[in-house]
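Report on the structure given below.
The values are calculated or read from the model by the stated rules, or taken from the named source; none is laboratory data. Quick caveat, the model's predicted, so the values are computed rather than measured. Every residue, glycine among them, receives a Cβ derived from its backbone with ideal geometry; neighbour counts consider all protein chains shown.
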Amino acid sequence: MKKAINLVTAVCFLTLVFAFTLAFWILPDTAFSEEENRSLAQFPEFTFSSLADGTFSSEMTDFFADQFPARDFLVGIKALSETALCRGENNGVLRGENGQLAVRKFRVYKSLLHQTADIDYYYRDNVALSLDALNAYAASETRPLVTLLPPRSVDVAASAFSYPTEISDELHSQIAETLSPDTGYIDLLPLMRERYDAGDYVYFRTDHHWTPEGAYLAYREIMKGFDLEEEILPLEAFTVEEIPGFRGTTWSKAGYKFVGPDTIRYLSPGNEDEFETTCLSVKMVKDENGKPQKVKEVYKSFTGWLNRDYFTAKDKYAAFLDGTHNEQLVTKKTADVTRERLLVMKDSFANSLVPYLAEHFDLVIANLTGGTANASELAEEYECTRVLVVYNWENLITAASLAAIK
């Protein structure tokens, strides 16, 4: 009887291994995961140098992890198992009070060609390079400059978890101690933590972004930083439009399928139809002398600053500014007076600031994470009178985009 049970167990195990192996090679590779809102690893190109330095094996590991059959289903099963074992974490994502989720492990920027595997620490020297570049740019910028470096969910929602805050506190201190007064740096962590602990809905539970309410708090601090406090629009000036069913990228990564969705409480000023968003692309052409020059072309434009089609899709946050574009303009169609132009050097956290900032400025928006880093050139080109930098702590430790600002 015991031999029969062992035989059945072995056959079942080998059948599963064979089935998954067969499925892995038969099923076509997937390029993009809508569930996780990210590109998936593809089969890496083999070179002897990549084999020698370990890059090939690392990329193969990512490829197998991303393309494994039924990956999303198995991640969910693992999350249930971890929960049953009373563990408050899965796939590097913490699960805390009230269903709050927060990524604690990141693929940290180590060099131009290398990111680490998921870890909960970061490289101080690489963060210092980005902060020093921001200091150097600020020293040369003659226009009023305000800098926001929004903290991560794991930093803001610390009280929801039993996880220690030493790493968050170290990063917070490094930023505050390194940035010069020229940057106009506004430290948002104390404010966001205070409001989160008070029960305010400032960061999503299932996504890494702040909510429209959190963005409103940041808008108020930006206006103060520009000495425009008297122009701040009160919260009562906006109407609330609720968009339910938002499950963000943190939810997808964690696999906690039983954690309920967020509701996006969009704060509407009610005048979106007075504005237009224009998306620009840059290409190189030859002038009459045969020399290459940059030419900008409009490849998309729409009324307001929202693409409401995304409100019925999974990635509902992408409704703000139609998601990620490298260069965009948000202008008022019929302005009674000439409006100031604000250059926004940003990552995606700035997208939900637009409904507030557009009430005061025409906006020139450049995506730092897409490699658009020449703030001085853009400010001159569009005759901007002020500059705002918005760059989240996650990008600060996982990428080098800010280090290229000038």
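How many residues are free of Cβ contacts under 8 Å to residues at least 60 places away in the same chain and either buried (at least 22 other Cβ atoms within 10 Å of the Cβ) or over 19 Å from the mean Cα position of the chain (by Cα) (or both) if we restrict to the range 160-169? Steps first, please.
First, the residues of the range 160-169 that are free of Cβ contacts under 8 Å to residues at least 60 places away in the same chain: 164-169.
Okay, now just the ones that are also either buried (at least 22 other Cβ atoms within 10 Å of the Cβ) or over 19 Å from the mean Cα position of the chain (by Cα) (or both), so 164-167, 169.
Summing the residues that are free of Cβ contacts under 8 Å to residues at least 60 places away in the same chain and either buried (at least 22 other Cβ atoms within 10 Å of the Cβ) or over 19 Å from the mean Cα position of the chain (by Cα) (or both) in the range 160-169 gives 5.
Total residues in the range 370-404 satisfying the condition of being within 24 Å of H208 (Cα to Cα), at pLDDT 95 or above and in a loop (DSSP other than H, G, I, E, B): the figure is 2.
Scanning the range 187-213 for residues that are in a loop (DSSP other than H, G, I, E, B) and of a type outside the set (V, I, T) yields a total of 11. When Y356, Y382 are screened for being surrounded by fewer than 19 Cβ atoms within 10 Å (Cβ to Cβ), within 19 Å of K332 (Cα to Cα) and of a type in the set (F, W, Y), only Y382 passes.
Scanning the range 170-189 for residues that are surrounded by fewer than 16 Cβ atoms within 10 Å (Cβ to Cβ) and farther than 18 Å from S153 by Cα yields A176, E177, S180, P181.
Only one of these is at pLDDT below 95 and under 17 Å from A215 (Cβ atoms): G323, G290. Name it.
G323
Under 8 Å between Cβ atoms, which residue pairs at least 6 apart in sequence (or on different chains) link something in the range 219-232 that is more than 18 Å from V344 (Cα to Cα) and charged (D, E, K, R) with a partner that is assigned to a helix (DSSP H, G or I) and modelled with pLDDT of 95 or more? Every condition considered, the pairs that remain are E229/M223; E231/M223. Checked against the criterion of being surrounded by fewer than 13 Cβ atoms within 10 Å (Cβ to Cβ) and among the aliphatic types (A, V, I, L, M), the candidates V240, V259 yield just one match: V240. Note on the range 128-159: among residues that are over 21 Å from the mean Cα position of the chain (by Cα) and assigned to a helix (DSSP H, G or I), the one that is surrounded by the most Cβ atoms within 10 Å (Cβ to Cβ) is Y137. In the range 241-256, the residues that are free of Cβ contacts under 8 Å to residues at least 60 places away in the same chain never reach a residue that is surrounded by fewer than 17 Cβ atoms within 10 Å (Cβ to Cβ) and aliphatic (A, V, I, L, M) with C-beta atoms less than 7 angstrom apart, at least six apart or across chains. In the set T277, T249, which member is under 19 Å from V354 (Cβ atoms) and of a type in the set (V, I, T)? Residue meeting the stated conditions: T277. Going through (1) over 21 Å from N392 (Cβ atoms); (2) of a type outside the set (V, I, T); (3) in contact with a Leu (Cβ under 8 Å, 6 or more places away or on another chain) one by one, Y219 falls short only on (1).
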